[in-house]
Amino acid sequence: MAETENSLINEKIDRAILIIRGHRVMIDSDLADIFGVKTKRLNEQVKRNLSRFPKDFMFQLTNTEKRELVANCDHLEKLKHSATNPYAFTEHGTIMLANVLNTKLAVETSVLIVRAFVRLRELLSSNKELERKILELESKYDKQFEMIFKAIKVLMRQEQLDKNRPRIGYKIGKEE
């Protein structure tokens, strides 16, 4: 795949990662688009290989979750009139899906999807590590740096608010 093609696919992947039921997932129609197949074909392959998709790899959205998804994600407007509820695939489910589809594009793209999930995990863990280090420094030094620590905390909260924007995905449903 060409570099610009990878960049475009990475943008699609980042936009497609959502948080539903407390899990980072991708919806079947987004995955079909990324893998270059029709959603119907993707779901047919899943049904033929159901034993490869346990509940922690894939689940079907409820009517309420589907309505929230359509209301909050413009690019999923087409699901509004769909007769069936979409499937959500976790990181492991997307890998299994690439194996089931077994097209060249699916295999190549699955690598990019895994990297996107890893980037998201690293981003979340690095923020926690930074917060831990600042708290450690704050307890070590007294009042002389209090104002600096307050400013850093304000900036971190603002940065966290910016990161919570639905650029990578949108939180749907209750977290477990």
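A few notes on this one:
- Pairs beyond 18 Å (Cα-Cα), from Lys12/Lys55; Lys12/Lys66; Lys40/Lys78; Lys38/Lys104; Lys12/Lys38: Lys12/Lys55; Lys12/Lys66
- Counted residue by residue at 0.36 nm each, then reduced by the alpha carbon distance between them, the extension gain from Lys128 to Lys55 reaches 23.4 nm.
- Here the gap between Lys40 and Asn10, fully extended at 0.36 nm per residue and compared with their Cα-Cα distance, gives a gain of 8.5 nm.
- Three-way shape call for the stretch 1-126 based on the alpha-carbon gyration tensor, with the a/c threshold at 1.5: rounded
- The residues Thr109, Thr84, sorted by heavy-atom accessible surface at 1.4 Å with ligands and nucleic acids left out, run Thr84, Thr109 from largest to smallest.
The values are calculated or read from the model by the stated rules, or taken from the named source; none is laboratory data. Just so it is clear, the structure is predicted and the values come from calculations on it, not from any experiment. With ligands, DNA and RNA removed, areas are computed over all heavy atoms of the protein, side chains included. Shrake-Rupley method; radii C 1.70, N 1.55, O 1.52, S 1.80 Å.
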